[in-house]
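Written out below as structure tokens is the structure these notes cover.
The values are calculated or read from the model by the stated rules, or taken from the named source; none is laboratory data. Please read all numbers here as calculations on a predicted model, not as lab measurements. Cβ: placed from backbone, ideal geometry, glycine included. Neighbour counts: every protein chain shown. Each accessible area value is taken on the protein alone, full model and side chains, heavy atoms only, with ligands, DNA and RNA left out. Shrake-Rupley method; radii C 1.70, N 1.55, O 1.52, S 1.80 Å.
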Amino acid sequence: MIVLRDLRKSFGPVVAVSGLSLRVEPGEVFGLLGPNGAGKTTTLSMLVGLITPDAGTAEIEGLGSCSRPLVRASLGVAPQALALYDQLSARENLHFFGRLYGLTGTRLRQRVETVLGLVGLSDRGGDRAGTYSGGMKRRLNLAAALVHDPPVLLLDEPTAGVDPQSRASIIDLVRALRAEGRTIIYTTHYMEEAQKVCDRVGIIDRGALLDVGRVDELIARHGGSSVVAVKRGDVEELIETHDPTRTVADVLRASPDVESIRIERPDLETVFLSMTGRRLRD
Amino acid sequence: MNLTQAIGAILSIALKDLRLLVRDKAAAFFTFIFPMLLAVFFGFVFGGGGDGGNLTLGIVDEDRTQGSGQFVQDLEKVAGLGVRRFEAADQAQQAIRRGEVDAAVVLPRGFADSTSSVFSGQGMEIKGYIAPGAGAQAGLLTGKLTELGFRRLMDSFTSPRLLQTQLDRARQQLGQQQDITPQRRGVISSFLDSVQAFSEDMDERDRAEEASTDSGEKATSALGDWTPVRVTLEEVSRQGAGPRSGFEVSFPQGVVWGLMGCTLAFGISLAEERSRGTLLRLTTAPLTRGHILLGKAVGCFVSCTLVQAILIVMALLPPFRVQVTSPVAMVAAVLLCSVGFTGVMMLLAGFAKTETAAQGVGRAVMIVLALVGGGSVPLFILPKIVQTLSGVSPFRWATLLIEGGLWRQFELADMLLPGGIMIGLGVGGFALGAAMFRWQE
Ligand SMILES: Nc1ncnc2c1ncn2[C@@H]1O[C@H](COP(=O)(O)OP(=O)(O)O)[C@@H](O)[C@H]1O
Ligand SMILES: [Mg+2]
């Protein structure tokens, strides 16, 4: 569906994206997981034709490069930087963005109400975007990407700077959109989100894609062993193992004086740490 | 995206920007309200013109007799008529050309003589000059002078001494006339006697009562086609004339500030869309970059036209009553200015690489250009050197075009240079500004 081939982009001395290749299948949610400055936004910008790559290509299979306006009609983009008119109401914002995609009349009005409902802003739709909280703006920013009902969604950090409630509702919405069969690229630096919503995840750092796969595959490949922490009195013993259940059973059988026992399974954070020697969020 | 959709998208960008402009209180104030306040305020500072239809009349008294002096004094008493005396007819004509007076009247040698022989002569001959395009004022002037003539005629009836002289003179002329039959001489003589008797009779009844316009009108019907004053008017072209009222100066200034407001508002809005991220949404929509800038340009063009139209329509209304001497030139001037300043807007957006630059340097440059371009002091009272310097300011050419429609009486040839500059600015400014425009922060 979406194919990136050896994309490269530098800003002066800064290499933002260095030879990134990627294939996103139709109907999947693909997560681009990486810390700030990894090159996620630059990659998406090249995909939508906003930035011309120094080298490489980015295209929608069967349609071509998004530098062609017509191809962009099938994309819904929710930029990382909120892109809304504060002086316009949520409805007016969505109405305007819908017009840009050629929607008019009843169909436009219906779509505006539908997406307002999807992001839970129906009752505040008449208020100016400038009066919204961070979470509400984020949701409106997402709604603006959906108004023309595009089959492909590019969501750049759609939960940045929102309250836990908005975050949960955005994640639910992305799952619902996936269930409708849309193809989604979802960038984030929150590994929990990637684990929750993404079918496959690409780990990106310093402009390069380190590995791509299902979450369990990535953990199996790079997560290393689980750790069982056993506490006796003031002493905590850490046991590395590939089969934590078995290890716990063994520990309990051997010594009955255990105060507490804890299993630390590897997650994407561990994966990132083992691949880069750094943590996702500093 | 087909053409209809593209036009729809361009128009919705323009509409969105107009809506944003109206909602941005500061921008709306400087674009629409401030120019109006300025036009009204400076209009009064420059001497207004709120006396509605007042006529300034130049008088040249070539007769220099007591009678003609009396006539001028009578004129000075007429309400709604300002009188200025001139030594010679060409001075008065010069004053019309400069727009200092609306019309001028020459009282020829022998003027008083002809007044005191109203019964035998042709009435007074008054030669007048008037600026073209002052049709209503020309009618007013003829009316006022005729009224004055009748009043003098009626004065003859009500002032026995004056009538006596006239009757005596008429009898004397009658006596000198050789080619009249004795029969006819007798009829006229008895007519003169009866006039004298009638007048003495009337005189007793309303000696103190001054003759009014009313009685003048009655006299007209009694005397048929005969008029005591014959006014011949000649047009004096007002080329290079000055404005007729303060508002003809101040409303073009208002237009300058209105254009500046629009240009700044739209130029800054492009920089703002870039820094606030909405431009990104526009560029990821299925539009070309040309569509986006065209949308901005249409919005700017419409708001420029709107602000000019508001100001000019306002200027036409009381109490300002600015006259548009050439409606076609006026409409053309407005549209040309809108084209030109849409180009200036794109230049501003292209050169200002950041929102801060647009807000700071952009605003400063525009204000200076507006000031030297006629936004603060009317161009025609600036020294020649400054007038020449102001040629670099697009506002100067806009002022010229707007004034061309108001009082400069521009014809096609006069509009070629400033109009050409506006079109050049519009097309060139758009092309250069669009080429220089940065699409990302
Ligand atoms: N317009 C730009 N000019 C200069 N440097 C940029 C620009 N955009 C991004 N960068 C740099 O490129 C790198 C990748 O940035 P970005 O793609 O925004 O990362 P991410 O979205 O993963 O946080 C960063 O080092 C960033 O500073
Ligand atoms: Mg980013």
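Quick rundown of the values:
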{"item": "Index of the failed condition, A:Leu108 passing every other in (1) open to solvent by less than 20 Å² (accessible area, probe 1.4 Å); (2) away from chain B (no Cβ under 14 Å); (3) modelled with pLDDT of 95 or more", "result": "(2)"}
{"item": "Residue match in region B:23-39 (condition: modelled with pLDDT under 75 and farther than 30 Å from B:Thr278 by Cα)", "result": "no"}
{"item": "Every residue from region A:163-189 that is under 10 Å from the mean Cα position of the chain (by Cα) and in contact (Cβ under 8 Å) with a residue 40 or more places away in the chain", "result": "A:Val174, A:Ile184, A:Ile185, A:Tyr186, A:Thr187, A:Thr188, A:His189"}
{"item": "Residue selected from region A:101-146 under the condition more than 16 Å from ligand 2 (Cβ to nearest atom) and touching a residue at least 60 places away in the same chain (Cβ under 8 Å), by the criterion nearest to A:Ala73 (Cα to Cα)", "result": "A:Leu146"}
{"item": "Region A:1-33, subset in a loop (DSSP other than H, G, I, E, B) and over 17 Å from the mean Cα position of the chain (by Cα), residue farthest from ligand 2 (Cβ to nearest atom)", "result": "A:Met1"}
{"item": "Members of region A:69-99 found to be open to solvent by 10 Å² or more (accessible area, probe 1.4 Å), more than 8 Å from chain B (Cβ to nearest Cβ) and touching a residue at least 60 places away in the same chain (Cβ under 8 Å), listed by number", "result": "A:Ser74, A:Gln80"}
{"item": "Where A:Cys66 falls short, out of the listed (1) surrounded by fewer than 24 Cβ atoms within 10 Å (Cβ to Cβ); (2) without any contact (Cβ under 8 Å) to a residue 60 or more places away in the chain; (3) away from ligand 1 (no atom under 12 Å from the Cβ)", "result": "(1)"}
{"item": "Single residue of region B:422-433 satisfying the filter (open to solvent by 30 Å² or more (accessible area, probe 1.4 Å) and of a type in the set (A, V, I, L, M)) that is nearest to B:Pro394 (Cα to Cα)", "result": "B:Leu425"}
{"item": "A:Ala160 vs. criteria farther than 26 Å from A:Glu59 by Cα, among the aliphatic types (A, V, I, L, M), assigned by TED's automatic domain parsing to the domain that holds A:Glu28 and within 16 Å of ligand 1 (Cβ to nearest atom)", "result": "yes"}
{"item": "Yes/no for A:Thr114 being within 9 Å of chain B (Cβ to nearest Cβ), open to solvent by 50 Å² or more (accessible area, probe 1.4 Å) and more than 27 Å from B:Glu441 (Cα to Cα)", "result": "no"}
{"item": "Residue that is farthest from ligand 1 (Cβ to nearest atom) [pool: residues in region A:34-59 that are part of a strand (DSSP E or B) and touching a Leu at 6+ places or on another chain (Cβ under 8 Å)]", "result": "A:Thr57"}
{"item": "Strands (runs of 3 or more DSSP E) contained in region A:217-276 and holding at least 3 residues open to solvent by 70 Å² or more (accessible area, probe 1.4 Å)", "result": "A:235-241, A:260-264"}
{"item": "Region A:75-107: number of residues that are away from ligand 1 (no atom under 16 Å from the Cβ), in a loop (DSSP other than H, G, I, E, B) and among the aliphatic types (A, V, I, L, M)", "result": "3"}
{"item": "Residues of region A:175-208 that turn out to be part of a loop (DSSP other than H, G, I, E, B), open to solvent by 30 Å² or more (accessible area, probe 1.4 Å) and hydrophobic (A, V, I, L, M, F, W, C), as a count", "result": "0"}
{"item": "Whichever residue in region B:14-27 is assigned to a helix (DSSP H, G or I) and facing another protein chain (nearest Cβ under 8 Å) and, among such residues, is most open to solvent (accessible area, probe 1.4 Å)", "result": "B:Arg19"}
{"item": "Some residue of region A:133-155 being within 16 Å of ligand 1 (Cβ to nearest atom), surrounded by 22 or more Cβ atoms within 10 Å (Cβ to Cβ) and not in a helix (DSSP H, G or I)", "result": "yes"}
{"item": "First in region A:243-257 and assigned by TED's automatic domain parsing to the domain that holds A:Gly233, second anywhere and modelled with pLDDT of 85 or more and of a type in the set (Ser, Thr, Tyr), Cβ under 6 Å, 6 or more apart", "result": "A:Pro244/A:Ser226; A:Thr247/A:Thr241"}
{"item": "Hey, B:Gly52 open to solvent by 50 Å² or more (accessible area, probe 1.4 Å), at positive phi and modelled with pLDDT under 85 or not", "result": "no"}
{"item": "All positions within region A:44-59 that are away from chain B (no Cβ under 14 Å) and either small (Gly, Ala, Ser) or within 13 Å of ligand 2 (Cβ to nearest atom) (or both)", "result": "A:Ala55, A:Gly56"}
